[in-house]
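The values are calculated or read from the model by the stated rules, or taken from the named source; none is laboratory data. A quick note: this is a predicted structure, and the numbers were derived from the prediction, not measured. No Cβ is skipped: glycine too gets one built from the backbone with ideal geometry, and neighbour counts run over all protein chains shown. Accessible surface is based on the protein model in full, side chains and every heavy atom, while ligands, DNA and RNA are left aside. Shrake-Rupley method; radii C 1.70, N 1.55, O 1.52, S 1.80 Å.
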Amino acid sequence: MRSPKDMRIIQIDITNACVHACSNCTRFCGHHVRPFFMDFETFKRAVDSLKDFDRCIGIMGGEPLIHPEFSRFVEYIGEKYPSKYNLFATRKPIKEFARYMHDKNYILDESLNERKGPGLLTSVCDKYYEHFELIQDTFSFQNINDHQNPSVHQPLLASRREMGVSDEEWIPMRDSCWVQNQWSAAITPKGAFFCEIAGALDMLFDGPGGWKIEPGWWKREPEDFGEQLQWCEICGGALFHSGRLSSEEIDDVSPLLYQKLKEADSPKLKAGCVAVMEKGRTEFGTAMPDTANRYLSEHEERVSKLNRAIFPKAIASRVLRAGTDAGIEINDILKKETDWIAVAVNQDMGLPEEMIRRLKNVVLNPGVLYSFSQYKDVYLFNKNAHALKRAGFDGIRYCATMREFMNLWDADKKVCLDASFDELKNPDLDQWEKYVAGLDLREKEQAEKIDRCIRKIKSDYE
Ligand code: SF4
Ligand code: SF4
């Protein structure tokens, strides 16, 4: 076991509601009669308590993006615990999102920020698209996994006694539990915990709650974990090294835990999605890889090719005549359209169908105003752009010309697309290289680390 202060990330669980019901979920999603949604005051206390932690503070669920106050939480963490560097990333169209995010985490979180900053753990659902701009502007680290892939989840609802682990074997086994040694401590609405699974068990089985959420709680050493270690007795974290595909949506539980789920009135159990394991059998199903990312080792698989949640849903093409009042016309268009809008100013026709098809096959940032090198005076924007929300219908109405309308966006959120915009695997690599070259990195060690990082990303594309 290790102290939370030595962890690479501490999680704040803001909800245990989720859009999925994966097998052997670490937050036991699907088993709660009523999922929780952390209130803002608790969230603030949680962030403030980690002020000097100096590593990543993760916002996690369930699916954190379905928390109704997600934006408010993100704005708070962005202000109190900001990412030190800002690469202005994820502005250009992205072809392979999981791959790109892997590169971005490597350069921004791991190399530049040295793992300090706000983090997000998400299954990349529709809400990710809705909050896309805010997410990219705020988070230093993103752990994405849509679970539409071969993720293997080990059983977690099992007691070591039922699995035949004796008292003598148990303590060293528990103390080397890979979850606590590689993953995170966590804060739930019920307090702070030495291990994220212990926090989830406390929530599921109506436990006594965790430590008070106060500055420095995370400096506790393993000898201070005390009564929280009771949760290890009914947890499979240290017992199993194999499991089943998350997409099967079945939980494997020991007989005692089956009984406890029944007493907790578990909806997932009632729905018949729980399988009772044989006592004494800790090896079954698919072996998990012995790597840092044991649930899923291939980062390219973190977002399935079938997951269209973050791709443009609709692109409406409109022509704007010269001499018309741009703002008034655009307000009319905004009222009718739901997603992306391409406006061609004083042209015979709007954005060609072939270009619309290509744009729908890349991930665009809804916060960005795009223009095109091959089409003069054609602009593409999303009705949910922060720039438009900030201006409001009134602010837009007073834009007499298209140029004034374009000025609603900050300069770093205007991108001109060239003809090959959907060909590059990582469109930001050159820009990242220039950005880091311009930094005044006094520490030789960090400069070397960043150099290694760029070389590694480049070599992966060769
Ligand atoms: S996406 Fe994550 S939190 Fe949601 S059910 Fe699956 S494992 Fe649990
Ligand atoms: S056994 Fe479970 S609760 Fe205990 S440290 Fe491991 S994962 Fe956490």
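Some points to look at:
- Segment 1-70: proportion of alpha-carbon pairs further apart than 14 angstrom, %: 62
- Label separation (ALA400 vs ASP52): 5.8 nm, computed from points 7 Å beyond Cα along the C-beta direction.
- FRET efficiency for ALA275 and ASP412, using Cβ-Cβ distance with R0 set to 51 Å, rounded to 0.05: 0.50
- Hull shadow area, averaged, the chain [alpha-carbon convex hull, nm²]: 23.7
- For the residues ILE14, ILE328, a 1.4 Å probe over the protein chains yields an accessible-area ranking, largest first, of ILE328, ILE14.
- With distances taken between every two different alpha-carbon atoms, segment 160-214 has a Kirkwood hydrodynamic radius of 12.3 Å.
- In terms of overall dimensions, segment 309-461 has a Cα radius of gyration and Dmax of 18.6, 58 angstrom.
- Carbon and sulfur %, accessible surface of segment 220-331 computed with the full protein complex present, 1.4 Å: 51
- Heavy atoms of the protein chains alone define the surface here; on that basis segment 204-360 has 52 Å² accessible area per residue at 1.4 Å probe size.
- When the solvent-accessible area of segment 1-77 is split by element, carbon and sulfur atoms take up 48 percent of it, the probe being 1.4 Å.
- Alpha carbon centroid spacing (whole Å) that separates segment 150-196 from segment 98-115: 28
- Protection-proxy order for peptides 128-137, 180-189, 83-92, 313-322, each taking the mean of Cβ atoms within 10 Å per residue, highest first: 180-189, 128-137, 83-92, 313-322
- Net length gained if the chain between LYS425 and ALA322 were fully extended (0.36 nm per residue, minus Cα distance): 33.3 nm
- Measuring nothing but alpha carbons in segment 314-360 and taking Rh as the Kirkwood radius, the Rg to Rh ratio lands at 0.98.
- Between ASP265 and ASN361, the distance separating the two model label sites (each 7 Å from Cα on the Cα→Cβ line) works out to 5.1 nm.
- Remark: spin-label model distance LYS335-ALA287 equals 6.5 nm, labels positioned 7 Å along the Cα→Cβ axis.
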